[in-house]
Amino acid sequence: MKILKNFPYQQVLVLGLAKSGTAAAELFLDSSIQVRINDLKADENDPAVRTLIEKGAEVITGGHPLSVLDDVDYLVKNPGIPYENPIIAEAEKRKIPVVTEVELASFLHEGPFVAVTGSNGKTTTTTLIYEMIQADQQKVSLAGNIGHVSCEVARSTETDETMVTELSSFQLLGTEKFHPEIAVWLNLYEAHLDYHHTLENYHQAKAKITANQTAEDTLVYNADDERIAGFLPDVKAKRVPFSIRNEGEGAWADDTFIYFEDEPIMKKQDIVLVGEQNLQNILAAVAAVKVNGIRNEAIVKVLTTFAGVEHRLQFVTKKNDRLFYNDSKATNILATSYALKSFENPVILLAGGLDRGTSFESLIPHMKGIKAMVVFGETADQLIETAKKAGIEEFTRVETMQEAVEQAYQYSAEDDVILLSPACASWDQYRTFEERGNMFIQAVHKL
């Protein structure tokens, strides 16, 4: 396992544990760097915390006293902790670097980075790229917001190994020197304003994926997204577009084939994944791997077998001629609108969750195929009003996922799609979107 060598800092504060904080703390301790950990809710008797203490970490729980910054010259924060946190605000006043753990991967991984960001489609695209490189029998690892801590993965990568990394705006905001050889920018919409406060702040955080790239690197970008186009004049890397509308450059598609430049890759009808959003994800992945020299045979092998990742428009089962899909990862309106466009059959939509103060008006044009809605969570009342405006006559508010699935089934008929696509984050009722999706799957199998 690799450790940090010639690391320029001596005393590190890890703010917030969870998986990323724990991995960062272990890396520093193994590298003989002094570590202080501050976590509001951590239990010092937890076996994982005890292990860190036994390795030499100082652990402070129950509060965030400013004294945790004494003698600290580097701070690694959990990506979800806002910058208004008094410890982070004070660290910035003291000119202490504040980073997320993905920055540490830059000190460890010696092979090429492929980094993927965007408001939607990150996990599917990241997984497709990883699978395509692996299908070409190249060394590759998977990391980032997809569930594998980047600095932990980077500790065991080889010099000739590609590291494919999914990055959120929260993670990117905490980078300084992170430098992907291939950056993939999928799209740019309104999201996470409760964290970033303004659209401009959110966009600037996403733009950090290409900030350290040079003319020898590549940015794969969505040529159909006007917001991304506004950042292109400042990009130093070679630009490779993907598009479902424009022909001829980068990765693109017509009615029959997907292409890279003027080369047909495969027939669209042979692709397993459904929907316009997934076509964009596929084209982005194709552009990224073709730049990386991956053979068409590997691309075709993946696209004819890959049926999607968990909680991203995931087919669950067919029961009594009803089709059940789990799209719990749809935590914003755009993701749900893409999901709705993926089906021609009537849809019973299950939606709702954390109230971030976002209007659902932009969802209305995509609701024509909805037969009925079952809503829940903090946004239930707003979604009912949206359903009324969209002309949907059948809707019900419920409290649990079991109730939601049972009610959706009551609304349904043969060949209908019962779709969990919440358009909201899960944190009002569930710890994660994965937990929400699993509850949906369990409820479906209980029918």
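The values are calculated or read from the model by the stated rules, or taken from the named source; none is laboratory data. Since the structure is predicted, the reported quantities are computational estimates derived from the model, not experimental observations. Glycine also receives a Cβ, built like all others from the backbone with ideal geometry; neighbour counts cover every protein chain displayed. With ligands, DNA and RNA removed, areas are computed over all heavy atoms of the protein, side chains included. Shrake-Rupley method; radii C 1.70, N 1.55, O 1.52, S 1.80 Å.
Suppose we filter ALA135, ALA183, ALA154 for residues that are aliphatic (A, V, I, L, M) and farther than 24 Å from PRO241 by Cα; which single one remains?
Going through ALA135, ALA183, ALA154 in turn, the sole match is ALA154.
Determine, yes or no, whether ARG245 is assigned by the TED database to the domain that holds THR117 and over 23 Å from PRO180 (Cα atoms).
Working: assigned by the TED database to the domain that holds THR117: yes; over 23 Å from PRO180 (Cα atoms): yes.
Yes, satisfied.
Listed residues ASP43, ASP70; which is acidic (Asp, Glu), farther than 26 Å from GLY147 by Cα, open to solvent by 50 Å² or more (accessible area, probe 1.4 Å) and out of contact with any strand residue (DSSP E or B) (no Cβ under 6 Å at 6 or more places or on another chain)? So that I can check it myself, show each step before the final result.
Numbers: ASP43 fails: farther than 26 Å from GLY147 by Cα.
Only one candidate passes the filter, namely ASP70.
Determine whether region 369-387 contains at least one residue that is open to solvent by 20 Å² or more (accessible area, probe 1.4 Å) and closer than 26 Å to THR124 by Cα.
The answer is yes, given that some residue of region 369-387 is open to solvent by 20 Å² or more (accessible area, probe 1.4 Å) and closer than 26 Å to THR124 by Cα.
Can you tell me how many residues within region 16-40 are within 21 Å of GLY147 (Cα to Cα), open to solvent by less than 10 Å² (accessible area, probe 1.4 Å) and free of Cβ contacts under 8 Å to residues at least 60 places away in the same chain? Selection size over region 16-40: 2.
Which one is modelled with the highest pLDDT among residues in region 106-122 that are hydroxyl-bearing (Ser, Thr, Tyr) and either open to solvent by 10 Å² or more (accessible area, probe 1.4 Å) or assigned by the TED database to the domain that holds ASP70 (or both)? Before the answer, list the steps.
In the first step, residues of region 106-122 are kept if they are hydroxyl-bearing (Ser, Thr, Tyr); the result is 106, 117, 119.
Narrowing the set further to residues that are either open to solvent by 10 Å² or more (accessible area, probe 1.4 Å) or assigned by the TED database to the domain that holds ASP70 (or both) leaves 106, 119.
On the way: SER106: 93, SER119: 85.
Looking at residues that are hydroxyl-bearing (Ser, Thr, Tyr) and either open to solvent by 10 Å² or more (accessible area, probe 1.4 Å) or assigned by the TED database to the domain that holds ASP70 (or both), I get SER106.
The condition of being farther than 26 Å from VAL309 by Cα, part of a loop (DSSP other than H, G, I, E, B) and not aromatic (Phe, Trp, Tyr) holds for only one of ILE146, ILE87, ILE81, that being ILE81.
Contact map, region 216-245: residues that are free of Cβ contacts under 8 Å to residues at least 12 places away in the same chain paired with residues that are in a strand (DSSP E or B), Cβ distance under 7 Å, separation 6+ or inter-chain. Pairs shown: LEU232/ARG239.
For region 139-150, the criterion of a residue being surrounded by fewer than 19 Cβ atoms within 10 Å (Cβ to Cβ), modelled with pLDDT of 95 or more and over 19 Å from GLN314 (Cα atoms) is satisfied by at least one position.
So, GLN138, is that one assigned to a loop (DSSP other than H, G, I, E, B), under 21 Å from VAL291 (Cβ atoms) and of a type in the set (S, T, N, Q) or not? Yes.
Just the residues that are part of a strand (DSSP E or B) and open to solvent by 70 Å² or more (accessible area, probe 1.4 Å), please, taken from region 199-257. Give the derivation first.
As a first pass, look at region 199-257 and keep what is part of a strand (DSSP E or B): 218-222, 238-243, 251-253, 257.
Within region 199-257, LYS238, ARG239 meet the criteria.
Of all residues in region 214-237, exactly one satisfies the criterion of being acidic (Asp, Glu) and under 19 Å from the mean Cα position of the chain (by Cα), namely ASP225. Quick check on THR432: is it of a type in the set (Val, Ile, Thr), within 25 Å of the chain's Cα centre (by Cα) and not assigned by the TED database to the domain that holds GLY80? Yes; evaluated as a whole, the condition is true for this residue.
Hey, among the residues in region 258-294 that are surrounded by 15 or more Cβ atoms within 10 Å (Cβ to Cβ) and assigned to a loop (DSSP other than H, G, I, E, B), which one's modelled with the highest pLDDT? Only one residue fits best here, namely ILE294. Candidates are the residues of region 227-280 that are in contact with a Ser or Thr (Cβ under 9 Å, 6 or more places away or on another chain) and of a type in the set (Gly, Ala, Ser); the one that is nearest to SER119 (Cα to Cα) is GLY275.
Looking at ARG356, is it among the basic types (Lys, Arg) and either open to solvent by less than 10 Å² (accessible area, probe 1.4 Å) or at pLDDT below 95 (or both)? Before you say what the answer is, go through the steps one by one.
Numbers: among the basic types (Lys, Arg): yes; either open to solvent by less than 10 Å² (accessible area, probe 1.4 Å) or at pLDDT below 95 (or both): yes.
It is true that ARG356 is among the basic types (Lys, Arg) and either open to solvent by less than 10 Å² (accessible area, probe 1.4 Å) or at pLDDT below 95 (or both).
For (1) under 30 Å from GLU161 (Cβ atoms); (2) at pLDDT 95 or above, each residue gets a yes or a no:
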site: SER32; (1), (2): yes, yes
site: VAL35; (1), (2): yes, yes
site: ALA42; (1), (2): no, no
site: VAL72; (1), (2): no, yes
site: PRO82; (1), (2): no, no
site: ALA91; (1), (2): no, yes
site: LEU104; (1), (2): yes, yes
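If you filter region 301-323 down to residues that are at pLDDT 95 or above and under 15 Å from ILE129 (Cβ atoms), you find that the one that is most open to solvent (accessible area, probe 1.4 Å) is LYS301. The set of residues in region 313-339 being of a type in the set (S, T, N, Q) and either within 13 Å of GLN277 (Cα to Cα) or assigned to a strand (DSSP E or B) (or both) consists of GLN314, THR317, ASN326, THR336, SER337.
Take LEU349 and decide whether it is open to solvent by less than 10 Å² (accessible area, probe 1.4 Å), of a type in the set (A, V, I, L, M), within 22 Å of ARG322 (Cα to Cα) and at pLDDT 95 or above. Yes: the conditions hold for LEU349.
Find the residue count for region 405-419, including only residues that are open to solvent by less than 10 Å² (accessible area, probe 1.4 Å) and either assigned to a helix (DSSP H, G or I) or over 12 Å from LEU323 (Cβ atoms) (or both). Lay out the reasoning, then the answer.
At the first step, the residues of region 405-419 found to be open to solvent by less than 10 Å² (accessible area, probe 1.4 Å) are 405, 408, 416-419.
Then drop every residue that is not either assigned to a helix (DSSP H, G or I) or over 12 Å from LEU323 (Cβ atoms) (or both), which leaves 405, 408.
Residues that pass the stated criteria total 2.
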